[in-house]
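These notes concern the structure reproduced below.
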Amino acid sequence: MPRDKSIKSILIIGSGPIIIGQACEFDYSGSQASRSLREEGIEVTLINSNPATIMTDSVTADNIYLKPLTKKSIIQILEKHKIDAVLPTMGGQTALNLAIDCDKAGIWEKYKVRMIGVNVDAINTTEDRELFRLKMKELNVGVCKGEIAKSYLRGKEIAQEIGFPLVIRPSFTLGGSGGGFVEDEKDFDNALNHGLNKSPVHEVLVEQSVLGWKEYELELLRDNIGNVIIICSIENFDAMGIHTGDSITVAPAMTLPDTVYQEMRNLAIKMMNGIGDFAGGCNVQFAVNPETDDIIGIEINPRVSRSSALASKATGYPIAKVAAKLAIGYNLDELKNQITGTTSAFFEPSLDYVIVKIPRWNFDKFKGSDRKLGLQMKSVGEAMGIGNNFQEALQKACQSLEIKRNGLGADGRELKDQNKLLDSLKNPSWNRLFHIYDALKLGLPFNTIHQLTKIDKWFLNQIYELVLLEREAQKFDLDSLPKNVLKLMKEKGYADRQIAHLLGCLESEIFNKRMDLGIKRKYKLVDTCAAEFEAATPYYYSTFGDENESVSSDREKVVVIGSGPNRIGQGIEFDYCCVHGVLAAKECGYETIMINCNPETVSTDFDVADKLYFEPVFWEHLYEIILHEKPVGVIVQLGGQTALKLSEKLDKYGIKILGTSFDALDLAEDRGRFSDLLKANKIPYPEYGTIDSATDAIELSRKIG
């Protein structure tokens with residue numbers, strides 16, 4: 001069925017300000033959907049209240065409203081524009097909730113606006129825990145034993161019927177807010193009251209706990225005639241009990257037997273078909289009993305999500321773009337695969353590489369906060385690594401986090417206190433991954449680590465292999481290190497810095513040694529089809545294989561350095577700057593090269609820059625790309641502190657910084673130099689001095705007053 005010609009004007013609802021559980025992945029999906037619809041000649045009107053997004057920029061839509069996401073704002077837009085349809089699936093929970101409110105108030109009906117990409121029944125079924133449970137039972141999909149409580153007394157009764165341990169899941173909340181595990185009766189009263197108060201409809205699901213089961217997600221797309229494709233399988237490295245937004249995740253699933261995957265795939269399609277008849281995207285989460293392989297459905301989101309942004313970047317399949325086209329009537333077989341440019345969009349991507357996503361937390365900004373991870377999401381961003389194997393992808397994801405680690409291990413920051421390690425393994429926080437490595441290195445029993453973390457033994461073995469490889473490397477010094485050991489370490493994702501730490505030499509010495517030995521990065525395409533068809537989209541990752549798929553052209557090039565994972569103080573606004581930097585450099589006739597590792601952003605979309613390198617914003621990776629591409633210069637001033645921190649090294653290596661020079665950047669960043677500048681130019685300034693010890697600080701404070 002070709003596109004519905006009656007739809008000439010569409011309203012897209014954004015996700016509002018960035019909050020934990022709802023970040024810039026919706027700027028990415030909203031922007032991509034808008035571009036997709038405008039390609040079809042449709043007038044796009046967009047409402048969002050976040051000024052830091054590309055979504056609210058004039059390049060994105062025909063009409064943009066920076067207004068509160070309320071029914072009143074929607075009515076004002078509908079009074080002014082003839083809107084045929086509303087697409088609420090690109091703006092997260094906020095957009096879905098607003099669409100439901102407008103439906104209940106009769107606003108869509110009054111202004112003759114159709115909801116596309118999802119329907120009201122599907123939203124209600126997936127958001128209302130009891131409706132979801134009943135629907136799954138009707139479809140013969142396994143679910144946890146549980147019941148809905150709308151009052152404290154009913155909650156107590158249900159708990160007594162099911163028995164402990166339990167999970168409390170409030171209805172209509174975001175990022176698992178208000179939910180939690182209750183191990184025994186003494187903690188139940190507080191948890192129940194908290195959950196009821198967090199739910200906007202004063203309702204919680206009290207259900208049996210599946211703590212420690214394995215967790216998987218599938219990303220689906222369905223068209224108008226019922227064709228369904230699975231874009232990606234995602235496995236949570238962390239077992240059930242940690243919100244998927246706080247879990248390390250891996251794509252494709254690593255430890256899933258094909259028989260269980262096929263059953264899960266069939267269940268996911270049955271679930272999507274069961275909740276409603278709509279064309280669009282869906283995310284389905286499952287728990288699998290590690291002993292019996294029993295599968296239960298955890299939840300289903302009838303919209304694009306953080307996981308679908310990850311799946312898009314992992315596979316190169318632009319989910320939001322295709323979902324928008326499906327919403328206006330196209331079927332999958334009528335659309336082209338955006339990556340190859342020749343094959344159909346009606347195919348399931350296959351990956352010949354591994355993706356690892358690691359969340360980024362900011363607990364240090366909140367003194368006294370509860371750092372334990374659980375059902376309520378706490379991370380503020382995420383970084384993704386792409387590698388030829390799990391270990392390489394894991395190391396690259398660790399290098400991307402910007403938490404003063406050079407990868408997993410081999411940086412002199414091991415925790416050696418056995419009791420602290422055991423506590424960390426049992427009570428997960430932001431650093432448990434590093435503590436698993438430390439525990440294996442210290443020689444804690446493998447089975448103890450498995451029992452405490454419930455992480456699949458395959459993953460733990462992968463980390464243990466790294467520990468053994470480091471022991472092997474430490475038998476050598478720089479001169480005696482054999483080529484095969486150095487090559488193996490690079491293939492496993494080790495940074496030159498990590499190897500230098502193990503051998504007691506300089507990072508540059510390791511770099512020079514491997515250049516002499518010909519151990520150089522090769523660049524491979526993210527092509528959605530495991531190189532079965534030729535890809536037209538220049539989207540690359542580095543590895544240490546034989547073939548290089550990134551051919552450097554003889555055009556003049558500009559590199560834009562991205563801002564890495566979101567964190568407090570460095571959010572989506574820098575991605576906005578980077579995208580505009582790329583667009584401006586393109587206008588000036590340069591070939592544009594984007595380097596970034598954040599899967600949620602517009603800058604890492606497949607069609608923003610002429611070339612995208614999905615790599616850590618980490619010196620070694622940047623330097624080798626620069627050596628390969630030979631740009632006329634690098635832009636650092638758009639990527640926040642992440643890019644600025646690299647400017648000194650770029651300057652030292654004689655790489656041209658375009659725009660603001662390193663010296664000018666340093667002048668603005670170095671407090672002492674900046675104050676000297678004010679003083680020299682007779683600009684009023686506060687009394688100052690720079691010190692590097694506590695005693696000097698006391699001395700100086702007496703002088704300043």
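Key figures
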{"item": "Members of the range 543-553 that are assigned to a loop (DSSP other than H, G, I, E, B) and either at pLDDT below 95 or polar (S, T, N, Q) (or both)", "result": "Gly545, Asp546, Glu547, Asn548, Glu549, Ser550, Val551, Ser552, Ser553"}
{"item": "Number of positions in the range 342-390 that are touching a residue at least 60 places away in the same chain (Cβ under 8 Å) and assigned to a loop (DSSP other than H, G, I, E, B)", "result": "21"}
{"item": "Every residue from the range 155-168 that is touching a Ser or Thr at 6+ places or on another chain (Cβ under 9 Å) and either modelled with pLDDT under 85 or assigned to a loop (DSSP other than H, G, I, E, B) (or both)", "result": "Phe164, Pro165"}
{"item": "Whichever residue in the range 1-37 is aliphatic (A, V, I, L, M) and over 22 Å from Ile77 (Cβ atoms) and, among such residues, is least open to solvent (accessible area, probe 1.4 Å)", "result": "Ala23"}
{"item": "1 or more residues open to solvent by 10 Å² or more (accessible area, probe 1.4 Å) and within 26 Å of Gly195 (Cα to Cα): qualifying helices (runs of 4 or more DSSP H) within the range 76-154", "result": "92-104, 120-127, 129-138"}
{"item": "Residue check, Ala536 under 28 Å from the mean Cα position of the chain (by Cα), among the hydrophobic types (A, V, I, L, M, F, W, C) and open to solvent by 50 Å² or more (accessible area, probe 1.4 Å)", "result": "yes"}
{"item": "Check on Leu440, surrounded by fewer than 20 Cβ atoms within 10 Å (Cβ to Cβ), without any contact (Cβ under 8 Å) to a residue 60 or more places away in the chain and closer than 15 Å to Lys416 by Cβ", "result": "no"}
{"item": "Condition check for Ala697: in a helix (DSSP H, G or I) and within 22 Å of Ala383 (Cβ to Cβ)", "result": "no"}
{"item": "Residue identified as over 32 Å from the mean Cα position of the chain (by Cα), of a type in the set (A, V, I, L, M), over 30 Å from Ser563 (Cβ atoms) and surrounded by 12 or more Cβ atoms within 10 Å (Cβ to Cβ) among Ile691, Ile704", "result": "Ile691"}
{"item": "Helices (runs of 4 or more DSSP H) enclosed by the range 406-501 - at least 2 residues per element that are modelled with pLDDT under 95 and within 30 Å of Leu622 (Cβ to Cβ)", "result": "none"}
{"item": "Residue list for the range 38-51, filter: in contact (Cβ under 8 Å) with a residue 40 or more places away in the chain and surrounded by fewer than 23 Cβ atoms within 10 Å (Cβ to Cβ)", "result": "Glu40, Ile42, Asn50"}
{"item": "Contacts under 6 angstrom Cβ, first residue in the range 574-603 being within 19 Å of Gln399 (Cβ to Cβ), partner hydroxyl-bearing (Ser, Thr, Tyr) and open to solvent by 50 Å² or more (accessible area, probe 1.4 Å), 6 or more apart", "result": "none"}
{"item": "Residues that are farther than 20 Å from Ala314 by Cβ and in a strand (DSSP E or B), drawn from the range 558-605", "result": "Val558, Val559, Val560, Ile561, Arg567, Gln570, Glu591, Thr592, Ile593"}
{"item": "The range 52-72, subset part of a loop (DSSP other than H, G, I, E, B) and over 23 Å from the mean Cα position of the chain (by Cα), residue surrounded by the most Cβ atoms within 10 Å (Cβ to Cβ)", "result": "Ala61"}
{"item": "Residue list for the range 380-424, filter: basic (Lys, Arg) and open to solvent by 10 Å² or more (accessible area, probe 1.4 Å)", "result": "Lys404, Arg405, Arg413, Lys416, Lys420"}
{"item": "Qualifying residue in the range 502-519 (condition: touching a strand residue (DSSP E or B) at 6+ places or on another chain (Cβ under 6 Å) and either surrounded by 16 or more Cβ atoms within 10 Å (Cβ to Cβ) or on the phi > 0 side of the Ramachandran plot (or both))", "result": "no"}
{"item": "Residue within the range 288-296 that is over 27 Å from Gly387 (Cβ atoms), touching a helix residue (DSSP H, G or I) at 6+ places or on another chain (Cβ under 9 Å) and open to solvent by less than 50 Å² (accessible area, probe 1.4 Å) present", "result": "yes"}
{"item": "Flag for Leu638 being surrounded by 13 or more Cβ atoms within 10 Å (Cβ to Cβ) and assigned to a helix (DSSP H, G or I)", "result": "no"}
{"item": "Qualifying position, being part of a loop (DSSP other than H, G, I, E, B) and surrounded by fewer than 19 Cβ atoms within 10 Å (Cβ to Cβ), among Ile242, Ile230, Ile225", "result": "Ile225"}
{"item": "Residue in the range 30-43 that is in a strand (DSSP E or B), of a type outside the set (D, E, K, R) and in contact with an Asp or Glu (Cβ under 8 Å, 6 or more places away or on another chain) present", "result": "no"}
{"item": "Residue satisfying all of: in the range 648-682; assigned to a loop (DSSP other than H, G, I, E, B) and open to solvent by less than 80 Å² (accessible area, probe 1.4 Å); nearest to Leu622 (Cα to Cα) among these", "result": "Ile655"}
{"item": "Restricting the range 175-194 to residues that are open to solvent by less than 40 Å² (accessible area, probe 1.4 Å) and at pLDDT below 85, the residue that is nearest to the chain's Cα centre (by Cα)", "result": "Gly175"}
{"item": "Residues (under 29 Å from Tyr540 (Cα atoms) and over 18 Å from the mean Cα position of the chain (by Cα)) located in the range 352-391", "result": "Asp352, Asn388, Asn389, Gln391"}
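For every residue, the table says whether it meets (1) more than 30 Å from Leu517 (Cβ to Cβ); (2) touching a helix residue (DSSP H, G or I) at 6+ places or on another chain (Cβ under 7 Å).
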position	(1), (2)
Ser429	yes, no
Leu440	no, yes
Phe446	yes, yes
Leu452	yes, yes
Phe459	yes, no
Tyr464	no, yes
Leu469	no, yes
Leu481	no, yes
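The values are calculated or read from the model by the stated rules, or taken from the named source; none is laboratory data. Values in this document were obtained by computation on a predicted structure and should not be read as measured data. Using ideal geometry, Cβ is built from the backbone for each residue, glycine included, and neighbour counts are taken over all protein chains shown. Note: areas computed on protein heavy atoms with side chains; ligands, DNA, RNA excluded. Shrake-Rupley method; radii C 1.70, N 1.55, O 1.52, S 1.80 Å.
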